[in-house]
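Chemist: Here you go, one structure.
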Amino acid sequence: MDEGALMNFLANVSLLLLLIMTAAGAVLVKDLIGAVLILGSYSFFLALTWAWLGAVDVAFTEAVVGAGLATVFFLLTLFLTVPREKQGQLPRVQWPVFVGLPLLGALLLFVATDLPEFGDPASPPNTHISPVYLENSLKDTETPNVVASVLMDYRSFDTLIETVVIFTSGIAAALLLWRKKS
Amino acid sequence: MREFFIFVLIQLVILIVVYLYRVVQGPTVYDRVLGLNGLSTKAIILLVVIGTIYDRVGMFVDISTGYALLNLVGSIAIAKYLEHGGAA
Amino acid sequence: MGGPRRRMATTIAIIFLSLGLFFLLVAAIGMVRLPDVFARAHAVGLTDTMGAFFMLFGLAIYEGFSLNMLKILVVFSLLYLLNPVVTHATIRAALRAGVKPWMKGPS
Amino acid sequence: MTGRILLKTALFFLIWMALSGKFNFLHLTIGLGLSLGIAWLNTWPLTGDKMRVSWVGVLTYVPWLFSRILASSIHMVRLILDPKLPIDPQLFGHQTSLPHHAAVVLLGNSITLTPGTITVEVSPNELTVHSIDPASSNDLLSGTLEKKVATVFPSQPRMKA
């Protein structure tokens, strides 16, 4: 291993160690606010890791959603649920909401007209991506079903992790909702 | 030069661990928030360093700008709630 | 690559980055040693000002005169404008929530 | 009023062009619209009270503040690295007679930016400052900092309450 590769390896290892440390810390710390803040720093490091891997767009999303919004939302939830003398109240809905949200909806609908028709044979996905999969999938994966080969071979890691996420959230929801019949 | 920048990166990560100690250990909530602030400043610097390593500074600097602004919004929100929330 | 100007920029960048790392190291030591939130905030201020200054300027000089240098300087000035606000907000929250500052002497 | 908006628009548009680095019609139009909007918001009648900023003052103030930051950083480094940790934190109020809210904000930010002193509370006439040792707050107590801030905002009527 030459020097550059060694340094690269060290950088990888140090970033990953930080990730593991923060993730473990968020689980192990007893204080709720502390756990939320450590989770925020975990998001920072996840974003840094993405940036280090060269996935700049994912890093940006992680920074915005994980480190910025999620931390604030978690804290907001904590402060609204912690029992205190004066319970926090939800803000009343105000008229800008009634004006702003329909405007936003109209904007989204307007933008959506730009999307290609469903099943349009001339749309970019159907002219560039689909033919490639259709031509190569049997040769690459030796699976007769194209959908299965895309899901389980071309994006197998994505599918695997997505399944894990859905499975975990299912378990969590079941644990929360499940009650013993008395 | 690339080696030097990766060296800087590893140094920064080691220093971040110290701040992390403050976030985990901190006797009060405010220590933790303060640690998070210092940490995010370092994350901004770290992003620019990574950009220099990859020779794509323009893109990474954009991220760190967004990071700095988001950090401001998040920290102000946290401070605002801690102000009349007390230690929980 | 090459050329005396380039080499000089690289040297200056290395010196600046090392200085920045030194300030960051001192701030980290302060983060551990100092007794309470208020004192630690001073250490964080050290990071925010001198550490960020030396690191980002070193990187900007290494980048050379271009649009990227300008962008790095924008990030830098943004840090200088925003960090005092953040520190102030945190410390004010601490004081208002009733954290007593650590004082020297018999008390 | 209109002149100020146009001036600000030009400034924001320059920043936009510098940051985007793209000079086609679409980007320039979006940038122009956004800078006009932000300039209009910035001269909102509620917040944009009359204030004059002396640009010469700004250009001399920033390097001066920076030299102070450098000096107090070195002081701070010596404090932290000293094995005995000779800190003596203090919390004190500081009366200020600066003529304008913006000036007080600048003063408070400068205090916080300088390592060793932090503004804890702000009201139009008084700042509460936490300093890590008496030497750090010299600039503030001797009134140097305030005088320098006053040069940025040249003489103008005292603000209302």
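Chemist: Restricting to segment A:26-60, name every residue that is more than 7 Å from chain B (Cβ to nearest Cβ), in a helix (DSSP H, G or I) and under 20 Å from B:ARG56 (Cα atoms).
Modeler: Residues satisfying the conditions are A:PHE45, A:LEU46, A:ALA47, A:THR49, A:TRP50, A:LEU53, A:ASP57, A:VAL58.
Chemist: Next question. Name the single residue that is most open to solvent (accessible area, probe 1.4 Å) among those in segment C:31-48 being part of a helix (DSSP H, G or I) and farther than 15 Å from D:THR117 by Cα.
Modeler: This residue is C:ARG33.
Chemist: Just to be sure I understand the filter: pairs with C-beta atoms under 6 Å, separated by 6 or more residues or on different chains, first member in segment D:130-145 and farther than 8 Å from D:GLY116 by Cβ, second member of a type in the set (A, V, I, L, M, F, W, C). Which pairs pass?
Modeler: Listed pairs, sorted by first residue: D:HIS130/C:PHE38; D:HIS130/D:LEU91; D:HIS130/D:ILE118; D:HIS130/D:VAL120; D:ASP139/D:LEU145.
Chemist: What single numbered condition from (1) under 18 Å from D:THR114 (Cβ atoms); (2) open to solvent by less than 40 Å² (accessible area, probe 1.4 Å) fails to hold for C:ARG92?
Modeler: The single condition C:ARG92 does not satisfy is (2).
Chemist: Filter segment D:57-101 for residues that are farther than 26 Å from D:PRO124 by Cβ and among the hydrophobic types (A, V, I, L, M, F, W, C) and give the result.
Modeler: Across segment D:57-101, the qualifying residues are D:LEU59, D:PHE66, D:LEU70, D:ALA71, D:ILE74, D:MET76, D:VAL77, D:LEU79, D:ILE80, D:LEU81, D:LEU85, D:ILE87.
Chemist: Select from segment C:50-89 the residues that are of a type in the set (Gly, Ala, Ser) and in contact (Cβ under 8 Å) with a residue 40 or more places away in the chain and write down the one among them that is least open to solvent (accessible area, probe 1.4 Å).
Modeler: This residue is C:GLY58.
Chemist: Condition first: more than 11 Å from chain D (Cβ to nearest Cβ) and either among the acidic types (Asp, Glu) or within 11 Å of the chain's Cα centre (by Cα) (or both). Now tell me which residues in segment C:53-102 satisfy that.
Modeler: C:MET55, C:LEU56, C:GLU63, C:PHE76, listed by residue number.
Chemist: A follow-up question, please. Look through segment D:40-57, keep the residues that are open to solvent by less than 50 Å² (accessible area, probe 1.4 Å) and either at pLDDT 85 or above or hydroxyl-bearing (Ser, Thr, Tyr) (or both), and return whichever of them is farthest from D:VAL149 (Cα to Cα).
Modeler: Among those that are open to solvent by less than 50 Å² (accessible area, probe 1.4 Å) and either at pLDDT 85 or above or hydroxyl-bearing (Ser, Thr, Tyr) (or both), it is D:THR43.
Chemist: Determine the pairs where a residue that is assigned by TED's automatic domain parsing to the domain that holds D:SER137 and without any contact (Cβ under 8 Å) to a residue 40 or more places away in the chain, located within segment D:69-86, has a partner that is open to solvent by 40 Å² or more (accessible area, probe 1.4 Å) and not in a loop (DSSP other than H, G, I, E, B) with Cβ atoms under 8 Å apart, the partner being 6 or more residues away or on another chain.
Modeler: Between residues of segment D:69-86 that are assigned by TED's automatic domain parsing to the domain that holds D:SER137 and without any contact (Cβ under 8 Å) to a residue 40 or more places away in the chain and residues that are open to solvent by 40 Å² or more (accessible area, probe 1.4 Å) and not in a loop (DSSP other than H, G, I, E, B), the close pairs are D:ILE80/C:ILE29; D:ILE80/C:ARG33; D:LEU81/C:ILE29; D:LEU85/C:ARG33.
Chemist: Also: Give me the residue from segment D:113-149 that is more than 14 Å from every other protein chain (Cβ to nearest Cβ) and assigned to a loop (DSSP other than H, G, I, E, B) and, out of that set, surrounded by the fewest Cβ atoms within 10 Å (Cβ to Cβ).
Modeler: Here the answer is D:SER142.
Chemist: Oh, and also: If a residue must be within 25 Å of D:LEU65 (Cα to Cα) and open to solvent by less than 30 Å² (accessible area, probe 1.4 Å), how many such residues does segment C:1-30 contain?
Modeler: 10
The values are calculated or read from the model by the stated rules, or taken from the named source; none is laboratory data. Small disclaimer: the values here were computed from a predicted structure and weren't measured. Glycine also receives a Cβ, built like all others from the backbone with ideal geometry; neighbour counts cover every protein chain displayed. Note: areas computed on protein heavy atoms with side chains; ligands, DNA, RNA excluded. Shrake-Rupley method; radii C 1.70, N 1.55, O 1.52, S 1.80 Å.
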